Amino acid sequence: MNLVKRLALVISIVFVGSLALAAAAVAAGGGLTPGVYTFTNKDASAFFGSGKGGPPTQAFSVSVDRGLNTFRPRDPKGPRTVMSNTIVTLSLFDALGNATFGCFIINPADFTVSKNLQTARVHTTVTADEVCPGFGTPVTGKSDPNPIPGGGGTSLPLPIALDVTWTGLGVISTSTDRNTFQCLNYNTQFSSSYQSTNANASGTMSAINGPLDTSSANVSSSDTHANVKGTPAAACFPQ
């Protein structure tokens with residue numbers, strides 16, 4: 001694994017916790033009040049880096065999600081918020097592996113995904129006015145971490161024009177996940193199904209000159225059923 005890919009993995013681990021915890025914490029942030037919910041998330045992600053065997057060059061990763069997203073505020077004392085929207089997360093790497101990153105809320109019309117997950121496209125320009133209100137993570141109820149960096153964004157060379165197209169490889173994998181969380185009288189139950197396809201990706205990103213090779217790309221969809229009961233105590237989610 002080269003330096004840039006290692007850094008991409010580190011950023012993902014640092015800026016995302018367990019989605020199970022994120023799902024459990026949304027009510028504490030004024031998001032999901034007690035009740036039963038059903039929602040769908042559509043995602044596409046890709047990593048663009050230098051070709052095999054070549055000298056180190058610039059690289060970037062992009063992830064797009066449309067659906068229910070939770071945001072952990074940059075202020076550690078601030079509450080989590082939950083929104084139904086479309087977010088783009090970007091990580092930009094220079095030739096030495098130094099990284100800048102950001103999360104942005106974009107117009108939902110700027111991201112399209114086919115029903116069979118075989119095509120997807122994001123065509124947008126991210127600006128300082130679209131920076132997420134914290135570290136963004138899809139609410140899917142999935143019990144393992146999902147690599148989506150987020151938060152900030154103003155250190156990137158904004159505005160950034162982004163136009164990336166995904167083409168699936170024709171094979172779809174499916175999985176299911178069930179997750180429960182309980183603290184005192186607060187209880188959440190999440191049941192999710194997932195579909196995913198590996199893909200090829202191509203496109204442009206205005207902060208980088210020249211063509212880049214795609215080393216990994218994916219398009220996915222999740223359908224989640226959530227049952228939230230009770231009100232979480234502050235001690236369940238210490239800041």
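Under a 5 Å amide H to amide H cut-off, with H placed in plane at 1.01 Å, what residues pair with Thr57 once short-range neighbours are removed?
Ser50
What net charge do the residues around Ile105 carry, taking every other residue with its C-beta under 14 Å from that of Ile105, with Lys and Arg at +1 and Asp and Glu at -1?
Overall, the nearby charge balance is -3.
Coordinate-derived values only; no laboratory data. Everything quoted here is computed from the prediction, not taken from an experiment. Using ideal geometry, Cβ is built from the backbone for each residue, glycine included, and neighbour counts are taken over all protein chains shown.
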